[in-house]
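Visitor: Just dropping this structure here.
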Amino acid sequence: MSQVVSYELQANIGIITVNNPPVNALAQVVREGILNAVNTAQKDASEAIILCCDGRTFIAGADITEFGKPPKEPGLPDVLTAIENSTKPIVAAIHGTALGGGFEVTLACHYRCAVASAKVGLPEVKLGLLPGAGGTQRVPRIAGVQAALDMITSGNPVPAQKAKDMGLVDEVVEGEELLAGAISYTKHLIESGAPLKRIRDITIDSSTIEAGFFESARERLAKRARGQIAQDRIVSCLQAAVELPIDEGLIRERELFKELVNSPESAAMRHIFFAERQAAKIKDLAKDTALRPIKSVAILGGGTMGGGIAMCFANVGIPVILVEINDEALERGLSIVRKNYAITVQKGKLPADKMEQRIGLISGTTDYGDISDVDLVIEAVFENLDLKKEIFAKLDAACKPGAILATNTSYQDVDAIAEATARPEDVVGMHFFSPANVMKLLEVVRGEKTADDVLATVMQIGKKIGKVCALSRVCYGFIGNRMLGGYGREAQMLLLDGCTPAQVDGALEGFGMAMGPLAMSDLAGLDVGYKARQGRTDLPDDPKLYRMGTMLVEMGRYGQKTGSGFYQYDPETRRRMSDPEVEALIKEEADKLNVEQAHISDDEILARCFYPLINEGAKILEEGIAQRASDIDVVYIYGYAFPVAKGGPMHYADSVGLKNVHEKICEFRDKYGEQYWNPSPLLKQLAEEGKTFAQWDKERSAPQ
Ligand code: 3H9
């Protein structure tokens, strides 16, 4: 048949098997193979056909690497037409995850059966796309329009039993022996003379759809879309499913799919899909590096961060010991954990008995002697290098040989911490982001002497607890926080230069940031940055630098916690409001400093705030702190809420053009001074060569 699709006749059942590791994506050879097999089966002695897959999953979707390249025949819709028009019933047999185009293949089949552990879903929206092979037309026909809307706009997969309840799957087969179960189900269909059930023949009764249903769905989705267009186009497709005959609905779906697949939004989101998976790979580490078993964990420090980290491990069934300096602190830490779990239960995201199970996995101690046996320790005390060194010396004495000793520091020198022990090879940074039980990013910091198996183990355990891992070498602030410096600085400088806080935040929120930098500083507390600056000797002596943040703190305006900062906050709702007093103060200060205020466009605000990030990112690359530009994007998407539809700062720079970014940085250097705007040599070089960061990554990933 073909290398990746085989066909065999077992008694009166034809069996088509796809085998295209790792996830049976619908590459051209798979599409062609299925089409040929379906055609073959029409002419042989089979009475029904089963479509199943080898390996870990049913077809997990279209081959994403093919998007953006010239289309190759046969297209997926042609394959689906052949399946749907088969004169013999075709039964999809699902295990693993039938996703996107993979699930759409099953919807063209006449029947679907699945093992209980299988999931089905249409995750295209997470790639800035919509289901482009009939998903938007067939799902509402069997599951209803509301269920289709929820499923396709969330992109979340549905477990087999729920899929059966929704009508998406016909049979959940018993046990995990899928093929045997599928054969017995198909035999039953043959014997009972089951008809050729085609979803396309179902008509949606449009009178069941409330007036204004689609308009209100659009409005609701636009609020959380952060400028993304895919949700809106999905609603258009569902509307077509209700209002048009299926063939016209399929044409509409195809047109809108094409619009999205060619959009910068989808290109950015596909970039992040692959970037996330690349980031987990460490370039100079052998694939078969042996892992250290992690069966128990200790967390030092039961504050918000330590408690959140403890939850990450308990959530996946790994017992955790929380270590605090006294009973009172320990009780406080454990109660934070209980409170967080209770909130999750209240929100309906966790059954109460699961909460008890997880809390049962977290114990506490004030004695280092109790952690002598754990496999991994994560220190999460406050940011003080001497304290951390003292703790690591104690851990060295207390922990068993081979235990991994990790620090959750955000800034400190991991090598200096490692040197406080006699086993620096066991020391590594695990930088979680707050709230640690929610934020997806884990920056893994590789010290000078960190052992390979420690790194490989931490990457693997990071994935297990649901984090997206990115590797950083040691430097002040690692990848994420080091880059952030210029972003916050410029947000404040822009005020003196003529913007209001609302203008600065508005421009960045319009771009898709969840929260602008000034509102974010108010949320974190302006006093935090103020205190951090006091200890720094490396900042230029410039009265303009952080002027407004400093003044506000000295006026007692610390941000949300004191009810005012760059903004005023409604005491009840915490809604932020512009504050005329702050705006007048900014003008006054600009006059005092002889800064000529001018109107600044949103584009200029974006360049002033983002180009320092990009420039620092380029320096981080040339110094080898990050392995890839795409790793930096992953850090910003998952740790700093950079809009995924823009693909992260480095991808965004590529889309603007590195020549343009470099020229603008040079212009800012001439206008605002070299101490802030000093173009990175790598950025300059790539700009001159007309290259992108993506090309730079690619050249470095190619075998030497
Ligand atoms: C679509 O279907 C559009 C249609 O509606 C219309 C068409 C006309 N293509 O995630 P993992 C690679 S859009 C190519 O680490 P896991 C992945 O890069 C698609 N490659 O495994 C990785 O490569 P590497 C809708 C793919 O077990 C390797 O497979 N479908 C694809 O943690 C292993 O991946 C989706 O969006 C693909 N579709 O998770 C599903 N999928 O080893 C996307 C994976 O070189 N996929 N790869 O780094 C997933 O969600 C997860 O991969 C899955 C497995 C849950 C399946």
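The values are calculated or read from the model by the stated rules, or taken from the named source; none is laboratory data. Everything numeric in this text was worked out from a predicted model, so none of it was measured. Here Cβ is always computed from backbone atoms with ideal geometry, including for glycine, and neighbour counts include all displayed protein chains. These accessible areas exclude ligands, DNA and RNA; they are computed on the full protein's heavy atoms, side chains included. Shrake-Rupley method; radii C 1.70, N 1.55, O 1.52, S 1.80 Å.
Visitor: Taking 0.36 nm per residue of sequence separation and subtracting the Cα-Cα distance, how much length would be gained by fully extending the chain between E66 and L291, in nm to one decimal?
Guide: Computed gain between E66 and L291 is 77.6 nm.
Visitor: Near the amide H of A48, under 5 Å away, which other amide H atoms are found, from residues 5 or more places off or on another chain, if H is placed in the peptide plane?
Guide: G14
Visitor: Let me ask something else about it. Can you tell me, using C-alpha contacts under 8 Å and at least 6 residues apart, the relative contact order of the chain as a whole percent?
Guide: About 9 percent, as a whole number.
Visitor: Considering the dipole of the range 479-600 built from charges on the beta carbon (Lys and Arg +1, Asp and Glu -1) around the Cα centre, which of G549, N481, P580 is farthest to its positive end?
Guide: Final value for the positive-end residue is N481.
Visitor: Right, here's the next one. Give me a comma-separated list of calculated 3J(HN,Hα) values for the range 537-544, in order, Karplus coefficients 6.51, -1.76, 1.60 applied at θ = phi - 60°, integers in Hz, x for any Gly or Pro.
Guide: After applying 6.51 cos²θ - 1.76 cosθ + 1.60, I find 10, 8, 7, x, 7, 9, x, 6 Hz.
Visitor: A follow-up question, please. Using the Karplus curve 6.51 cos²θ - 1.76 cosθ + 1.60 with θ = phi - 60°, what ³J(HN,Hα) values do you get for each residue of the range 177-183, in whole Hz, with x for Gly and Pro?
Guide: With coefficients 6.51, -1.76 and 1.60, one gets 7, 4, 5, 4, x, 5, 5 Hz.
Visitor: Still on this structure, please answer the following. Heavy atoms only, probe 1.4 angstrom, no DNA, RNA or ligands counted: give me V38, V29 ranked by accessible area, highest first.
Guide: Listed by decreasing accessible area, they come as V29, V38.
Visitor: Quick one: which residues, 5+ away or cross-chain, put their amide H under 5 Å from the amide H of L300? H built at 1.01 Å from N.
Guide: V323, I378, E379, A380
Visitor: What distance in nm separates the two pseudo spin-label positions at V438 and I190, each 7 Å out from Cα along the beta-carbon direction?
Guide: Taking the two extended label points, one gets 5.5 nm.
Visitor: In terms of modelled amide H atoms, which long-range or inter-chain residues lie less than 5 Å from the amide H of A62?
Guide: HN-HN under 5 Å from A62: L26, G101, G102.
Visitor: For the range 1-80 and the range 487-561, what is the centre-to-centre distance using only Cα atoms, to the nearest Å?
Guide: 56
Visitor: To continue, here is another question. Which value in nm describes the separation of the simple spin-label points at I600 and A116, placed 7 Å from the Cα toward the beta carbon?
Guide: According to this spin-label approximation, the distance is 6.0 nm.
Visitor: Next up: If you take the square roots of the eigenvalues of the alpha-carbon gyration tensor of the range 297-478 and sort them as a ≥ b ≥ c, do you get rounded (a/c under 1.5), prolate (a/b over b/c) or oblate?
Guide: Numbers: a/c = 1.80, a/b = 1.43, b/c = 1.26.
Since a/c reaches 1.5 and a/b is larger than b/c, the shape of the range 297-478 is classed as prolate.
Visitor: Please arrange K88, K463, K164 by accessible surface area, largest first, computed with a 1.4 Å probe and ligands excluded. Write out the running numbers ahead of the final one.
Guide: Details: K88 20, K463 155, K164 80 Å².
Ranking K88, K463, K164 by accessible area, largest first, yields K463, K164, K88.
Visitor: Mind checking the angle between helix 478-496 and the chain's longest principal axis? C-alpha axes, 0 to 90 degrees, to the nearest 10.
Guide: In the chain, helix 478-496 runs at an angle near 70 degrees to the longest axis.
Visitor: Principal axis extents for the range 19-121, Cα atoms only, whole Å, descending order, please.
Guide: Sorted largest first, the three principal extents are 39, 34, 19 Å.
Visitor: Viscosity 1.002 mPa s, temperature 20 °C: give me the Stokes-Einstein translational D for the range 97-149 in µm²/s, with Rh taken as the Kirkwood radius over C-alpha pairs.
Guide: Answer, rounded: 188 µm²/s.
Visitor: Let me ask you something else. Distances over 50 Å make up what percent of all Cα-Cα pairs in the chain?
Guide: Here the long-distance tail beyond 50 Å is 21 percent of all Cα pairs in the chain.
Visitor: May I pose another question? Heavy atoms only, probe 1.4 angstrom, no DNA, RNA or ligands counted: give me Y530, Y111 ranked by accessible area, highest first.
Guide: Ranked from most to least accessible, the order is Y530, Y111.
Visitor: Another one. Cross-link partners among aspartates and glutamates for K295, C-alpha distance below 13 Å, same-chain residues fewer than 8 apart left out?
Guide: D373, D375
Visitor: While we're on this one: Express in Å², to the nearest 10, the accessible area of E253 obtained by rolling a 1.4 Å probe over the protein heavy atoms while all chains stay in place.
Guide: The value for E253 is about 0 Å².
Visitor: Which angle between 0 and 90 degrees, to the nearest 10, do you get for helix 501-511 versus the longest principal axis of the chain when only C-alpha atoms count?
Guide: 30
Visitor: Going down the table (K119/K463; K126/K223; K119/K467), which pairs top 23 Å between alpha carbons? Don't skip to the end; give the middle numbers.
Guide: Values: K119/K463 20 Å; K126/K223 16 Å; K119/K467 21 Å.
The pairs that break the limit, which is 23 Å between Cα atoms, do not exist here.
Visitor: With a ≥ b ≥ c the root eigenvalues of the C-alpha gyration tensor of the range 212-329, is it rounded (a/c under 1.5), prolate (a/b larger than b/c) or oblate? Present the calculation step by step, with values, prior to reporting the outcome.
Guide: Numbers: a/c = 3.52, a/b = 2.02, b/c = 1.74.
Since a/c reaches 1.5 and a/b is larger than b/c, the shape of the range 212-329 is classed as prolate.
Visitor: I would also like to ask the following. To the nearest 20 debye, what is the magnitude of the charge dipole of the range 602-704 about its Cα centre, counting +1 on the Cβ of each Lys and Arg and -1 on the Cβ of each Asp and Glu?
Guide: 120
Visitor: Accessible area per residue for the range 297-478 in Å², computed with a 1.4 Å probe and the full protein assembly in place, what is it?
Guide: Numbers: 7340 Å² over 182 residues.
Value for the range 297-478: 40 Å² per residue.
Visitor: Rounded to the nearest 0.05, what FRET efficiency do T208 and I359 give with R0 = 35 Å and r taken as the Cβ-Cβ distance? Could you check?
Guide: 0.20
Visitor: Return the whole-Å distance between the Cα centroid of the range 90-155 and the Cα centroid of the range 591-647.
Guide: 38
Visitor: Spin-label point model (7 Å from Cα, Cβ direction): what's the R575 to S154 distance in nm?
Guide: Between R575 and S154, the simple spin-label model gives 2.9 nm.
Visitor: How large is the dipole of the chain about the Cα centre if only Lys and Arg carry +1 and Asp and Glu carry -1, each at its Cβ, rounded to the nearest 20 debye?
Guide: Dipole magnitude for the chain comes out near 880 debye.
Visitor: Also, I was wondering about something else. Tell me the carbon and sulfur percent of the accessible area for the range 49-203, rounded to whole percent, probe radius 1.4 Å.
Guide: With neighbouring chains kept in place, the figure for the range 49-203 is 54 percent.
Visitor: Which value, in Å² rounded to 10, gives the accessible area of S86 with a 1.4 Å probe and all protein chains present?
Guide: Counting only protein heavy atoms, S86 exposes about 0 Å² to solvent.
Visitor: With θ taken as phi - 60° and the coefficients 6.51, -1.76 and 1.60, list the Karplus ³J(HN,Hα) couplings across the range 570-575 in order, rounded to whole Hz; mark glycine and proline as x.
Guide: Whole-Hz 3J(HN,Hα) from phi for the range 570-575: 5, x, 7, 8, 6, 5.
Visitor: Moving on. Helix 213-225 versus the longest principal axis of the chain: what is the Cα-based angle in degrees, 0 to 90, to the nearest 10?
Guide: The helix 213-225 is inclined about 40 degrees to the chain.
Visitor: Solvent-accessible area of T87, probe 1.4 Å, all protein chains present, reported in Å² to the nearest ten, please.
Guide: Counting only protein heavy atoms, the figure is 100 Å².
Visitor: If you don't mind, there's one more thing I want to ask. Would you be so kind as to identify which of Q492, G364, P157 lies farthest towards the positive end of the dipole of the chain, taking Lys and Arg as +1 and Asp and Glu as -1 on Cβ and the Cα centre as origin?
Guide: Positive-most Cα among the choices belongs to P157.
Visitor: Classify the range 479-600 as rounded, prolate or oblate, taking a ≥ b ≥ c as the square roots of the eigenvalues of its Cα gyration tensor: rounded when a/c is under 1.5, otherwise prolate if a/b is larger than b/c and oblate if not.
Guide: Here the range 479-600 falls in the rounded category.
Visitor: Of K283/K449; K287/K354; K287/K684; K354/K394, which ones are farther than 25 Å apart at the Cα? Numbers along the way, then the final one.
Guide: Working: K283/K449 16 Å; K287/K354 35 Å; K287/K684 35 Å; K354/K394 35 Å.
Where the Cα-Cα span goes over 25 Å, the pairs concerned are K287/K354; K287/K684; K354/K394.
Visitor: With viscosity set to 1.567 mPa s and temperature to 4 °C, compute the Stokes-Einstein D of the range 5-260, Rh being the Kirkwood radius across alpha carbon pairs; µm²/s, no decimals. Write down the numbers at each step before the final one.
Guide: Details: Rh = 18.3 Å.
Answer from the Stokes-Einstein relation: 71 µm²/s.
Visitor: Loop only per DSSP, at most 16 neighbouring Cβ atoms within 10 Å: give me the chymotrypsin sites (Phe, Trp or Tyr not before Pro) in the range 348-392, ordered by residue number.
Guide: Values: sites: Y368, F382, F392; in loops: F382.
Sites meeting the loop and neighbour criteria: F382.
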